[in-house]
Amino acid sequence: MIDRLNEAVEFIRKKAAASCFKIPELAVTLGSGLGSFAESSHKLLEIPYCDIPNFPCSTVAGHKGRLILASDERSKKTFWIMQGRVHYYEGYSMADVVFPIRVLILLGIRKYIVTNAAGGVNPNFDAGDFMIVRDHINMMGDNPLIGKNLDKFGPRFPDMSTAYSRKMGMLIQKSAMEQSIPVKEGVYLALSGPTFETPAEVRMVAGLGADAVGMSTVPEVIAAKHAGIEVAGISFISNKAAGMSGGPLTHEEVSENAAKIEEKFGKLMERFITLVLEGRDG
Ligand code: HPA
């Protein structure tokens, strides 16, 4: 595994060397339908996932699948954008799902912002809301750290008591307030998918303490926390979870609702990234 990771690391390092490479301390993953932030970013380098040795290539509609080295014009610092991700439900192993974040960890990141589209389980959440992820519940039925521990990254039994950074959560809050964007806060619960939930499953996850439900994010956060990376999560509530609003759920609805908030999401992310790169304290 380490050899496969190192091959990808070396490939990216060589490509990046040409663009005045200062090691970025931050990486951002853009989830379903949230990729337009990448379009408007100042790009120094773009690498399709499929060009990177051993990298899993994205297959889901709405996911472009490329790694971008971007520059934040305000802080004058660089950061990585992963536009699109691969999912467990596509048939990838957990090791594949966390391969990209592990490559970026080996490239030197210390902070990670993960975004996703999720169904709103909390009855106070509406389609179009943003939720700062305060904590997560892993109900995917698998864990990327199962198997031989990769000591290079972290310990056998990593602490998850502060999986999501309070400090970074406060910076999301600050970015949102500055721009009058309302944000909620809550617990993200991950199921394997690819089916959306039944109404009974939605009632179950609500009872377990979830505010939003989705099919991603948790594996990457586990792999990042394993390596001591500071993590922040933002869920875009693309729909009320099944049975809470009446109609059937479709991937098109998720994508259409994401398109409606892409500008707001872009503004929120841009400011948040600047605050993180400037090392603000929330
Ligand atoms: N359930 C699971 N995953 C999702 C949903 C949902 O309702 N919406 C977007 N991703």
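Observations
- Dipole orientation for the chain: of the candidates A258, I101, F37, I101 has the Cα lying most toward the positive pole (charges on Cβ; Lys, Arg +1; Asp, Glu -1).
- Relative contact order of the range 158-243, defined on C-alpha pairs under 8 angstrom at six or more residues apart (%): 42
- Two-site FRET efficiency, E46 against R110, from Cβ-Cβ distance with R₀ of 25 Å, rounded to 0.05: 0.60
- F11, F236, F130 arranged by Cβ crowding within 10 Å, fewest neighbours leading: F11, F130, F236
- Net length gained if the chain between N149 and K260 were fully extended (0.36 nm per residue, minus Cα distance): 35.7 nm
- Cα-based radius of gyration of the range 186-251 once divided by 2.2 N^0.38 Å, which approximates compact folds: 1.22
- Cβ charges +1 (Lys, Arg) and -1 (Asp, Glu), total dipole of the chain, debye: 840
- Under-5 Å amide H pairs with G233, H placed in peptide plane, nonlocal only: V114, V133
- Span-like helix check, the chain: qualifying full DSSP H segments, with Cα axial length of 27 Å or more and mean Kyte-Doolittle of -1.0 or more, are 251-277.
- Neighbour-count ranking [beta-carbon atoms within 10 angstrom, fewest first] of C57, C50: C50, C57
- Close Lys pairs in the range 1-104 (alpha-carbon distance under 13 Å; sequence gap of 8 or more, or different chains): 5.
- Along the range 122-136 the Karplus relation, 6.51 cos²θ - 1.76 cosθ + 1.60 evaluated at θ = phi - 60°, assigns HN-Hα couplings of 5, x, 7, 8, 10, 4, x, 6, 10, 10, 6, 7, 8, 6, 9 Hz to successive residues, with x for each Gly and Pro.
- Built amide H within the under 5 Å cut-off of L189, gap 5+: I137, D211, A212, V213, G214
- Partner aspartates and glutamates whose Cα lies under 19 Å from the Cα of K148, excluding those fewer than 8 positions away in the same chain, are identified as D3, D96, D159, E220.
Values quoted throughout were computed directly from the atomic coordinates according to the rules given, and no laboratory measurement underlies them. No experiment lies behind these values; they were computed from the predicted model shown. Ideal geometry is used to build each Cβ from the backbone, glycine not excepted, and the neighbour counts take in all protein chains shown.
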